[in-house]
Each structure stands twice: as C-alpha cells, then as structure tokens.
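One structure below.
Just so it is clear, none of the values below were taken in a lab; they were calculated from the coordinates. A quick note: this is a predicted structure, and the numbers were derived from the prediction, not measured. Note that each Cβ is placed from the backbone with ideal geometry, even for glycine, and that neighbours are counted across all protein chains shown.
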Amino acid sequence: MSKPKAILLFGPPGAGKGTVGAKLTNVSGNYHLSTGDIFRGLPPESPNGKVFYSYANEGKLVPDDVTIEIFWRYMQGLIDTNKFDPSTQYIFLDGMPRTAEQAKILDQYVEVVKIISLKVTNDDEIVERLAKRAKIEKRADDADKSIVLNRLAQYREKTQVVLDHYDDAIISEFDAQKTPLEVFRNVLDGTLEVLNQSPAEA
Ligand code: ADP
C-alpha cells in the first residue's frame, strides 16, 4: 500500500494552524490531525502524559522518539478504525514535524505533497494572540509569557529549519496577520489545485 498523502500546516505558535486546518478540512472533507491536541488528550497521570506536561510546561518540545511513537500509533488507530481513509483523504498535519529529525523520520510514514506556511513576523502579535487563547482554551502554556517566549525560541531554533527538508515547489507562504477569513480565503485559493485532485492523483 502507498503511503498516506499529507499536507503540512506550518508556522509559529499562534499563527492559526489549528483554525485554518479545521476550516479547510471541514470544507474539503479531509482529516485534520494536531499533535498538540493528541498530547493534551493524554491522561495527565499516564507515563506519556507526564512526559508531555514536563516539557510543555516549560515551553519545550517533547523528544522526537516519544513524539513520533505517539503520533504514529494515533494515526494508525485512525486508519484502522476508518476515521481517516488515506485512499480518499489527505491528512492535514498540524504541529508535525517540528524538528529536522522528525521531518526525516516522517518520510517513512507519509508523503508530504503540500506545505501551508503561515507567516507571522511580529512577535508581539504572537504573544497577544496566545494571551487571548489562554483565556478561551485555558491553556497554561499560553498564559505564561516566559513559556510563550521559550516556545517562540524553540520554533526559531529547531522548527524553522524543517522547511529546508522539503522541495520549495511544494511550499506556499501566506501572511497570517490578516483576518481569519482572509487567511482562510488565501489558503483555500493557494491549495485548491491539490485539493481538487484525489490523493491517488497527487
Ligand atoms: P502551538 O502550535 O501553539 O505551539 P501545539 O498545541 O501545537 O501549540 O503544541 C503544544 C505543545 O505540544 C508544544 O509546546 C510541545 O511541547 C508539544 N508538541 C506538539 N507537537 C510537537 C512535536 N511535533 N514535537 C515535539 N513536541 C510537540
């Protein structure tokens, strides 16, 4: 069987990966998978839950081996239970890969056909967005400014280089400092060609 086809949602914390991913998969009938959501769904007292919170509470990335293991087990479960069908759907990966090593390993599991890169150039805007989200979603890692700044530093140090792993031809950049609707419209416009093809053709 061929590998599932993936579309990556890429960008700094608070860029709107989750928002765009949810809207886009909703209208296109594809599947949205956020590693942050998988981690937050782990029981906090379970071994993996404890590992997750010990890193996330400091704004650090979870180690690659644990991340990949949890991610792949979850994705396999989606396929086995028919929630995600790789023959008719793309998987939108939100928050994966986040390091060069994860990008390399991910190639064994999925074929990345498109990357939606959301650009936010203004750090103050990120801090402000996450402070707002902290109140709505009650996320401790969004509420604390020093954790947010750590996450931004990790993004710049470890995650930004992930794009170097891929062919420029599949990367589309979008200004994420516009209104949510404008960002959605632009991303839809920029990905329509791929989304109009079935995964088998892409
Ligand atoms: P955001 O994109 O706003 O930073 P996420 O919900 O994607 O938030 O991630 C929350 C936390 O989960 C991260 O700070 C990190 O600790 C952990 N995490 C999520 N995805 C990964 C990943 N691919 N590798 C390592 N850690 C991850």
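Observations
- Calculated mean residue ellipticity at 222 nm for the chain: -14500 deg cm²/dmol, from DSSP H runs with n ≥ 4 weighted as -39500 (n - 2.57), summed, divided by the residue count and rounded to 500.
- Between Ser2 and Lys138, the simple spin-label model (points 7 angstrom out along Cα→Cβ) gives 4.5 nm.
- In this simple spin-label model, placing a label point 7 Å from the Cα along the Cα-to-Cβ direction at both Asp65 and Leu192 gives a separation of 4.7 nm.
- Dipole magnitude of the chain, debye to nearest 20 (Cβ charges: Lys/Arg +1, Asp/Glu -1, about Cα centre): 580 debye
- Residue of Val187, Val27, Val113 that the Gaussian network model of the chain assigns the largest fluctuation, springs spanning Cα pairs under 10 Å: Val27
- Proximal aspartates and glutamates to Lys23, defined as alpha-carbon separation beneath 20 angstrom and excluding residues fewer than eight positions away on the same chain: Asp37, Asp85, Asp94, Glu137, Glu173, Asp175, Glu182, Asp189, Glu193
- Segment 23-94, dipole about Cα centre (Lys/Arg Cβ +1, Asp/Glu Cβ -1), debye to the nearest 20: 180 debye
- Within the same chain, lysines fewer than 8 places from Lys145 are excluded, and of the rest, those with a Cα less than 27 Å from its Cα are Lys17, Lys50, Lys60, Lys119, Lys132, Lys135, Lys158, Lys178.
- When the square roots of the Cα gyration tensor eigenvalues are ordered a ≥ b ≥ c, the ratio a/c for the chain is 1.5 or more and a/b does not exceed b/c, which makes its shape oblate.
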